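J.: Take a look at this one; I'll ask things after.
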Amino acid sequence: MSTVFGVPTQALFGQLLIGLINGSFYAILSLGLSVIFGLLNIINFAHGAQYMLGAFAAYFLLQWAGLGYWWALLLAPIVIGLFGIGLERTMLKRLYELDHLYGLLLTFGLALIIQGLFRNEFGSSGLPYSIPSQLTGGLNLGFMFLPNYRAWVIVFSLFVCLGTWYVIERTKLGSYLRAATENPVLVQAFGINVPRMITLTYGFGVGLAALAGVLAAPIYQVSPLMGADMIIVVFAVVVIGGMGSIMGSIVTGFALGIIEGLTKFFYPEASNTVIFVIMALVLLIKPAGLFGRER
Amino acid sequence: MALVKDSAEAPALPLTPQHQYVAFAIMVLFFVAAPFFVYPLFLMKALCFALFACAFNLLIGYVGLLSFGHAAYLGSAGYLTAHAAKVWGWPPELAIVTGTATAALLGLIIGALAIRRQGIYFAMITLALAQMIYFFCLQAPFTHGEDGIQAVPRGVLLGVLDLRSTITMYFVVLAVFLGGFLLIYRTIHSPFGQVLKAIRENEPRAVSLGYTADHYKLLAFVLSATLSGLAGSTKALVFQLASLTDVHWSMSGEVVLMTLLGGLGTVFGPVVGAVIVVSLENYLAQLGAWVTVVQGIIFVFCVLTFRRGVVGELGRFIGRSL
């Protein structure tokens, strides 16, 4: 067996792959958080619960409607995104005049309700969701075995992230969004319906979380608490990257996933904490975050 | 920071806090009489959480900082106290001091990092660092992972008070709670407390008046962490147990809930909130995950329509700040 620094490469690349997969989820989730925060000034604590809802939506679509993975990939983000829009219209919009922290508390409460309800119904153990038949099997790259589904998750996540980046940074719609983030009153004065934009933005962010949930369903099992710890790591990712830049969120997400994977290989005891340690270091050196600016 | 403005602003009329003395007397009478009518272990739990919530309220209510990681201080202090009392065989007073000192040190480190950012970031940073402490407690051998430290001896306080007697333990817990409560009361009514409120209302202005806001924030943070640690240490002795529950993020959420329900930035709110939440959990305990759902519903309800909390509304009703 070939080795690098005296360690088996097979296992090293295996952990790197898991790191990349986790990194994709971190990137998509922190991207959603940043977009929502930019316009709503709310940190969406329910993001982890909505990620879980995405995975469950995929599960239900299969169980009840017989719709498979590809339909879930399309429908789950739409359904959960609409649910998010409902939340924004009925609850979140009452908080825009108040301190930002109330938004955090409200979404935390929503996360507790959603996760509690699902835990009552499905317990804490996971439900299996199988890999779509087109993506079973894998590729032997010589130095490692690459399961097709995992390769698909990484490629598709990159595509989603870069697509979002393109829409926000390079299109007319994105320019409205960026302008409204800077100064909503002025943008409204120019005749753009900012409240509707806010609603759709929240729905989009929630949809992204649900999409990550569908992608995660075949890898991790579908379980009510799958997003609960995830969201805290994503918060750390957001603090490290800073919420100022879209590309920053993407790069930080993937990079931290890889670092986590490497830690899992070289020093497994620290794999749970490494991201938080990096966050502490970043706070010492560059408090605004690697890509952020003080505001 | 307009977080608690409305609850602090409305009833600011009289400066003489006489009604607060009355309220304090009622509270003391209630807790002195209660163990003869209610299960003392339940009351001790309520008192520990009341102190925890008061310590948390010192930060959110008077400095405007939302810490989402206060479980770290409660839990780690509990572990150190339990370890000192059980493994090292230390007397309860030394065990409590050990636990509390640990929380203070932890508060100093986490606080120094977290105050580098404000508002929403502060909450996320404290939450993330507390999660790191959680994983540390999960993996460190001395905490015994999922089992926790069980059968912690209560011991004999200062060589005189035998804490194995429930009623003695109760009044020691009450004394600890009242001591912590009065310390917080004194702090928020001192010049130091006035500066904290100034920072909450307008930080740049406080800085321009020559106050080093960061020092004040850090000191308040350490004080809050220390008192949370005191609550955790006492709790570990009461239940003779230190477990992962107390370091988990859901505990950090619970203390936010208690304070929010009782009234952010009120003196007595956290106590009322803690008693309500602990009683609620006591009744709902057999319903499993429904407890989480009910907590979530209370969160949503409080944020949407009940932002002043029980004591805040009461204070507004009688036109006095409580």
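J.: I'd like the residue in the stretch A:243-252 that is outside any helix (DSSP H, G or I) and surrounded by fewer than 24 Cβ atoms within 10 Å (Cβ to Cβ) and, out of all such residues, is nearest to the other protein chains (Cβ to nearest Cβ).
T.: So, considering only residues that are outside any helix (DSSP H, G or I) and surrounded by fewer than 24 Cβ atoms within 10 Å (Cβ to Cβ), the one nearest to the other protein chains (Cβ to nearest Cβ) is A:Gly244.
J.: Condition (residue is modelled with pLDDT of 90 or more, surrounded by fewer than 22 Cβ atoms within 10 Å (Cβ to Cβ) and charged (D, E, K, R)) applied to the stretch B:181-194: is it met by at least one residue?
T.: The answer is yes, given that some residue of the stretch B:181-194 is modelled with pLDDT of 90 or more, surrounded by fewer than 22 Cβ atoms within 10 Å (Cβ to Cβ) and charged (D, E, K, R).
J.: Taking B:Ala151 as meeting all but one of (1) closer than 29 Å to B:Asp214 by Cβ; (2) in a loop (DSSP other than H, G, I, E, B); (3) in contact (Cβ under 8 Å) with a residue 40 or more places away in the chain, write down the number of the exception.
T.: Going through the list (1) closer than 29 Å to B:Asp214 by Cβ; (2) in a loop (DSSP other than H, G, I, E, B); (3) in contact (Cβ under 8 Å) with a residue 40 or more places away in the chain, B:Ala151 breaks only (1).
J.: Can you pull out every residue in the stretch A:136-153 that is of a type in the set (A, V, I, L, M, F, W, C) and at pLDDT 85 or above?
T.: A:Leu146, A:Ala151, A:Trp152, A:Val153
J.: Let me ask something else about it. Which residues, counting only those in the stretch A:176-204, are assigned to a helix (DSSP H, G or I) and hydrophobic (A, V, I, L, M, F, W, C)?
T.: Scanning the stretch A:176-204 gives A:Leu177, A:Ala179, A:Ala180, A:Val185, A:Leu186, A:Val187, A:Ala189, A:Val194, A:Met197, A:Ile198, A:Leu200, A:Phe204.
J.: Going by the conditions given, is B:Leu241 in contact with a strand residue (DSSP E or B) (Cβ under 8 Å, 6 or more places away or on another chain), in contact (Cβ under 8 Å) with a residue 60 or more places away in the chain and under 20 Å from B:Pro40 (Cβ atoms)?
T.: Considered against the rule, which asks whether it is in contact with a strand residue (DSSP E or B) (Cβ under 8 Å, 6 or more places away or on another chain), in contact (Cβ under 8 Å) with a residue 60 or more places away in the chain and under 20 Å from B:Pro40 (Cβ atoms), B:Leu241 comes out as yes.
J.: Scanning the stretch B:105-149 for residues that are touching a strand residue (DSSP E or B) at 6+ places or on another chain (Cβ under 8 Å) and of a type outside the set (A, V, I, L, M, F, W, C), which turns out farthest from A:Val238 (Cα to Cα)?
T.: Checked the stretch B:105-149; the qualifying residue farthest from A:Val238 (Cα to Cα) is B:Gly148.
J.: Which of the following residues is over 17 Å from the mean Cα position of the chain (by Cα), assigned to a helix (DSSP H, G or I) and without any contact (Cβ under 8 Å) to a residue 24 or more places away in the chain: B:Leu105, B:Leu113, B:Leu80?
T.: Result of the check over B:Leu105, B:Leu113, B:Leu80: B:Leu113.
J.: For the stretch B:51-64, check the following and say yes or no: at least one residue is assigned to a helix (DSSP H, G or I), at pLDDT 90 or above and in contact with a Cys (Cβ under 7 Å, 6 or more places away or on another chain).
T.: No, there is no match, as no residue in the stretch B:51-64 is assigned to a helix (DSSP H, G or I), at pLDDT 90 or above and in contact with a Cys (Cβ under 7 Å, 6 or more places away or on another chain).
J.: Name, by its number, the condition in (1) surrounded by fewer than 19 Cβ atoms within 10 Å (Cβ to Cβ); (2) touching a His at 6+ places or on another chain (Cβ under 8 Å) that does not hold for B:Ala225.
T.: Looking at each condition in turn, B:Ala225 falls short on (1).
J.: Mind listing whichever residues of the stretch A:61-83 are surrounded by fewer than 14 Cβ atoms within 10 Å (Cβ to Cβ) and touching a residue at least 12 places away in the same chain (Cβ under 8 Å)?
T.: Matches in the stretch A:61-83: A:Trp70, A:Leu82.
J.: Let me ask something else about it. Against the condition free of Cβ contacts under 8 Å to residues at least 60 places away in the same chain and assigned to a helix (DSSP H, G or I), how does A:Val237 come out, does it pass?
T.: Taking the combined requirement at face value, the residue does not satisfy it.
J.: Please name all residue pairs, on different chains or six or more residues apart, with Cβ atoms under 8 Å, provided the first residue is in the stretch A:205-225 and is in a loop (DSSP other than H, G, I, E, B) and the second residue is among the basic types (Lys, Arg).
T.: These pairs meet every condition: A:Ile219/A:Arg150; A:Pro224/A:Arg119; A:Leu225/A:Arg119.
J.: Give me the helices (runs of 4 or more DSSP H) completely within the stretch B:162-217, filtered to those with at least 1 residues that are hydroxyl-bearing (Ser, Thr, Tyr), ordered by residue number.
T.: The helices (runs of 4 or more DSSP H) meeting that bar are B:166-188, B:203-208.
J.: Hey, another quick one. Considering only the stretch B:134-157, state which residues are at pLDDT 90 or above and within 21 Å of B:Leu237 (Cβ to Cβ).
T.: Within the stretch B:134-157, B:Cys137 is the sole residue that qualifies.
J.: Another question, then. Provide a single number: the residues in the stretch A:84-124 that are outside any helix (DSSP H, G or I), more than 8 Å from every other protein chain (Cβ to nearest Cβ) and surrounded by 15 or more Cβ atoms within 10 Å (Cβ to Cβ).
T.: Residues meeting the conditions: 1.
The values are calculated or read from the model by the stated rules, or taken from the named source; none is laboratory data. All of these numbers come straight from a predicted model, not from anything done at the bench. Methodologically, a virtual Cβ is constructed for each residue, glycine included, from the backbone with ideal geometry; neighbour enumeration extends over all protein chains shown.
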